[in-house]
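What follows is a set of notes on a single structure, which appears directly below.
Where a number appears in this text, it was derived from the coordinates with a stated rule and is not lab data. Since this is a predicted model, take the numbers as computed values, not measurements. Glycine gets a Cβ as well: all are built from the backbone with ideal geometry, and neighbour counts include every protein chain shown.
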Amino acid sequence: MEYQAIKQLKKRVYYCLEHFQDTRNSDILLTIVLWREYYPQFIKKGKDDHLGIHLKNLFDLPREDNIKRARAYWQNTKHKFLPTDWSVAKQRKILQNEWRVAMGYPINMVMPNDKPSWIPPSEIKDAPLNKMKISTQPKLFTPPTGYPDSFISQAEQAIDEVEMFNNQDH
C-alpha cells in the first residue's frame, strides 16, 4: 500500500472503531463495517437477498490484514478503542490493568470520586519524575499485621544481628 492510502485507511479504521464498538473485538467485523461505510459500491445483493462482494472486486478493497494492522496501531500503540471483551484483549495480549482502566473498571481500590486508583503508564504525560524525593534514611522495620509474635521477634532479632555485624570492624 502507498503511504497516502495507509494514512487514509488508518483514519477510516479510527472512525469505525470509534462509532461501532463491536468492531473493537473482531477484525472480520471491522473489515465488513469499513467496507460497508466506505465502499458501498462494491456490496451487491445476491439472489437470496444476502449481501456479498464479487471476487474480482477484492482487488479494489483494503485487505483484512491491512485493516487489522491499522486497528492494532490504534489499540496497541495509541491505547484507544480497546476491545470491549476481556477474552479478546487477553488474546491480543493487552495489559489487564490498561484494559480495565480503559473500560472504566476499578483496579484494586476505587477513590471517593469513583475514578480508578491506578493510571496506566500510557496515560501519564510529563510525569514529574525529577521532583520525586527519595529518602536516604534507613527505614525501621514495621511488621505487617496478622503475623504471629514469634515471627515478629525472629525478624527483630535478625535485624539486630545485621546491625551488630555492620557495627563490627572488618
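Separation between the Ala5 and Asp60 pseudo-spin-labels, each 7 Å from Cα along Cα→Cβ, expressed in nm?
1.4
Restricted to Cα positions, what overall size does segment 3-81 have along the principal axes? Three whole-Å values, descending.
Reported extents, whole Å, longest axis first: 43, 27, 16.
Label points 7 Å out from Cα along the Cβ direction at Lys44 and Asp22: separation in nm?
It works out to 2.6 nm between the two label points.
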